[in-house]
Structure formats: C-alpha cells, structure tokens
1. Out of everything in region 63-77 that is under 20 Å from the mean Cα position of the chain (by Cα) and not hydrophobic (A, V, I, L, M, F, W, C), what residue ends up being surrounded by the fewest Cβ atoms within 10 Å (Cβ to Cβ)?
2. Please specify each residue of region 131-144 satisfying the condition of being under 20 Å from the mean Cα position of the chain (by Cα) and either over 12 Å from ILE166 (Cβ atoms) or in a strand (DSSP E or B) (or both).
3. On the given criteria, is GLY194 closer than 28 Å to ARG93 by Cα and outside any helix (DSSP H, G or I)?
4. Under the condition of being modelled with pLDDT of 95 or more and out of contact with any Lys or Arg (no Cβ under 9 Å at 6 or more places or on another chain), which residue from region 194-210 is farthest from LYS345 (Cα to Cα)?
5. Are any residues in region 264-288 touching a helix residue (DSSP H, G or I) at 6+ places or on another chain (Cβ under 6 Å) and either closer than 24 Å to GLY222 by Cα or hydrophobic (A, V, I, L, M, F, W, C) (or both), and if so, which ones?
6. Does at least one position in region 233-242 carry a residue that is farther than 19 Å from TYR143 by Cα and aliphatic (A, V, I, L, M)?
7. Starting from region 172-184, keep only residues that are free of Cβ contacts under 8 Å to residues at least 40 places away in the same chain, then list their pairs with residues that are part of a loop (DSSP other than H, G, I, E, B) whose Cβ atoms are within a distance under 6 Å, requiring at least 6 positions of separation or different chains.
8. Considering only residues that are under 22 Å from the mean Cα position of the chain (by Cα) and either of a type in the set (Asp, Glu) or in a strand (DSSP E or B) (or both), look in region 251-273 and name the one that is farthest from PRO88 (Cα to Cα).
Amino acid sequence: MSKVIGIDLGTTNSCVAVMEGGQPTVIPNPEGMRTTPSVVGFTKSGERLVGQIAKRQAITNPENTVFSIKRFMGRRFEEVGEEIKLVPYKVVRDEKGEVRVEVRGERLAPPEISAMILQSMRNTAEQYLGEKVEKAVITVPAYFNDAQRQATKDAGRIAGLDVLRIINEPTAASLAYGLDKKTQEKIAVYDFGGGTFDISILEIDEGLVRVLSTNGDTHLGGDNLDQRVIDWIADEFKRENGIDLRKDPMALQRLKEAAEKAKCELSTTVSAEINLPFITADQSGPKHLVLTLSRAKLETLVADLIERTAGPCRQALADAKLEAKDIDEVVLVGGTTRMPAVQEKVRTLFGKDPHKGVNPDEVVAVGAAVQGAILAGEAGVKDVLLL
C-alpha cells in the first residue's frame with residue numbers, strides 16, 4: 001500500500017509527517033522549514049502563493065492574503081460575525097448562507113482555500129518520498145463539530161487526497177508520545193498554538209483513547225503575544241521619534257517579523273536585539289530602529305495572556321470530574337509552549353513537569369502519521385481505537 005501521510009492543518013501553521021522504517025519523520029518544505037504558514041496569497045498577476053512566501057506579502061497585500069481560514073471551515077455566515085472583524089480580506093455570504101472568501105473577483109469556499117494548503121503539504125511529501133501520495137490522515141480540534149470535520153475532509157478531497165480518517169489533535173499528540181500503550185492513564189494536552197489555545201483531558205487504556213473534556217480560547221495564541229511585542233516596539237520608537245510605525249504597511253510587516261523572531265529567540269536566550277535599519281524616514285533623513293528586549297520584559301508584556309490559559313484548564317478538569325493531581329501526564333503542543341513562562345504556568349496548574357521530547361510544533365503531525373501507518377497496516381505499528 002502507498003504511504004499514508006499525516007497532516008496537521010493548523011490555524012496558523014501546518015505540518016506534514018510520514019512513517020519511515022517504523023519511525024515518524026517530519027517532512028521539510030522546499031524552503032527547508034518543518035512547518036508551513038497556513039496562508040494563501042493571490043497576487044496581481046494571478047499567481048497563487050502558499051506558505052512563508054504568502055505570509056511575507058500579507059501586510060502589503062492584505063485584502064488578497066487569506067490566513068486563519070480554519071476559523072471559517074464548516075461554519076455558516078451568521079456564525080462568523082466576530083471572526084470577520086478580525087481579518088482584512090473580504091468574507092461574504094452566498095445564496096445558501098454559506099461563507100465565501102472574495103479575492104480578486106473570485107469567490108472561494110473555505111475548503112477550497114484549505115485545499116491549497118493541503119495541496120502544498122502533499123507536494124512537499126511527494127517530492128520527499130519520490131512517489132505519488134494519495135492517502136492522508138488529517139487532524140482537527142477536539143471540539144470541531146460534524147460540519148467542520150466534513151469541511152476538512154472536503155478540503156482533502158479537493159487537494160486530491162483520500163482522507164482515511166479525521167482525528168482529534170490532542171489524540172494525535174498522545175499517539176506521538178506512544179501514550180496509547182499506557183494502562184488507565186489520564187492525560188492533559190495543553191495546546192497553545194499560533195491562533196488558538198486548547199486544553200483537552202484524555203483517558204487512555206491500552207490502545208483505547210477517549211476525550212473526557214475539552215476547553216480553551218479560540219482567540220488566544222502566539223499571534224496575540226506577537227502583537228504585544230509589536231506594540232511595545234512601536235511605542236518605544238514613537239516615544240523617541242514621534243512616528244507611529246503601525247501606520248506604514250511596509251514598516252509594520254518588518255515589525256511583525258522582528259517581533260516573532262525576538263519572541264522565539266527569548267525561549268532560549270535572556271535578551272534579544274531588534275535591529276531594523278532604514279525602518280522609516282522624516283525631513284532629517286532615514287531612521288533606524290535598535291532595541292533590546294529582555295526575557296523578563298517579554299514575560300511582563302504577555303503575563304496576562306499566559307494567565308488566561310488557567311481558567312479553561314480548571315474548567316476542563318472540572319468537566320472531566322478530575323483534579324490536577326489525577327493527571328498522569330501533561331503533553332505540550334504548539335510553538336508558544338516553548339516559552340519558559342508557559343512551561344512554568346503548566347507546572348503550576350498541573351503540579352508536574354510536562355512531557356518533553358517531541359517538538360511541540362510537530363507532535364500533532366507525527367501522531368497523524370502514526371495513525372496513518374496503523375491504517376496502512378504497516379508492520380510494527382499496533383492498532384489504536386479512538387473514541
């Protein structure tokens with residue numbers, strides 16, 4: 001049987017993995033990155049860009065660059081009023097009350113845009129494996145309803161994939177750690193991604209995985225943390241130079257990239273330099289931006305955002321009729337969980353060290369690849385029952 005790939009189709013980033021010789025392998029995209037931004041850009045010349053290249057032109061081409069399309073998947077127009085306010089591209093209602101995205105005069109359904117991201121993941125896998133890829137396991141949040149799951153399946157079909165199974169992201173994360181082998185364990189999956197925060201409590205018993213409860217905040221993620229850093233940089237610059245860089249799209253794009261980079265660096269170092277030469281100019285000539293952001297300052301800037309994950313965690317425990325001490329393992333998912341302050345928060349909430357080992361950006365795709373190998377009947381991979 002041909003290879004079954006595992007795809008984590010994320011709000012902010014997507015990732016693809018496959019089993020090779022009994023080991024899950026994350027497949028790097030043509031730029032060498034192991035995750036790909038879930039962004040599709042439509043240029044003036046009619047070209048379609050997917051991933052990092054689309055993300056780079058987002059601020060200078062805002063109305064034709066679609067990001068966070070996952071928020072619109074399988075939802076009717078009347079359900080997405082709040083979401084529409086948060087995106088610069090045009091979201092319209094079709095005659096059936098369905099959501100459509102209008103770009104350069106064309107109306108596209110959310111699954112069609114998701115399919116463009118999936119097509120890119122599929123191409124990445126085909127180039128890597130040197131063979132055609134037609135089967136996939138795709139992950140979704142545990143709280144996705146049937147319509148949202150169906151929309152995800154449709155996206156796979158449009159991308160030319162036979163979607164063998166749609167599985168829950170927290171379940172995939174537990175599979176990546178081989179936790180499905182455990183007997184009678186309760187697992188908390190703390191997923192702090194780019195656009196959303198999700199907490200799920202799972203019960204695992206010898207290959208049987210059940211979701212006991214799920215909670216979260218669909219508008220809390222790494223992007224919010226980046227925004228705090230962008231605002232801090234812009235405020236500092238404005239104080240010294242009297243110019244608000246947020247009003248200049250070109251400068252804002254550079255601020256956005258610098259803020260994200262500094263935030264990521266501060267997970268491993270205690271201070272990061274932000275250096276943006278020729279960021280703008282006034283009568284006196286060009287202006288350069290040079291600032292140092294310390295880890296302590298970053299933690300102050302985002303402390304309340306990290307604190308906002310506590311409520312959903314407590315609620316998820318209450319819904320599962322459990323206390324923190326009943327949790328056997330904590331699994332971290334999502335790039336934001338690399339922040340030491342976030343890991344500290346998880347320790348405080350659950351009273352134990354979270355699992356380390358699998359890269360948090362990749363753990364869901366890895367679990368999907370494990371499930372793919374099980375469905376493909378690959379030797380050495382034991383079957384798991386997902387409920």
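The values are calculated or read from the model by the stated rules, or taken from the named source; none is laboratory data. These numbers come from a predicted model, not from an experiment. We place every Cβ from the backbone using ideal geometry, glycine too, and count neighbours over all the protein chains shown.
1. Step one: of region 63-77, the residues under 20 Å from the mean Cα position of the chain (by Cα) are 65-75.
Then keep just the ones that are not hydrophobic (A, V, I, L, M, F, W, C); that gives 65, 68, 70-71, 74-75.
Numbers: THR65: 23, SER68: 20, LYS70: 27, ARG71: 21, GLY74: 23, ARG75: 17.
Looking at residues that are under 20 Å from the mean Cα position of the chain (by Cα) and not hydrophobic (A, V, I, L, M, F, W, C), I get ARG75.
2. First, pick out the residues of region 131-144 that are under 20 Å from the mean Cα position of the chain (by Cα): 136-144.
ALA136, VAL137, ILE138, THR139, VAL140, TYR143, listed by residue number.
3. So GLY194 fits the description; yes.
4. Only one residue tops the list, namely SER200.
5. LEU266, SER267, VAL270, ALA272, ILE274, LEU276, ILE279
6. Narrowing region 233-242 to residues farther than 19 Å from TYR143 by Cα: 233-242.
Filter once more, so that each one left must be aliphatic (A, V, I, L, M): 233-234.
Yes, region 233-242 has at least one match.
7. Within 6 Å, the pairs are THR183/GLU206.
8. GLU265
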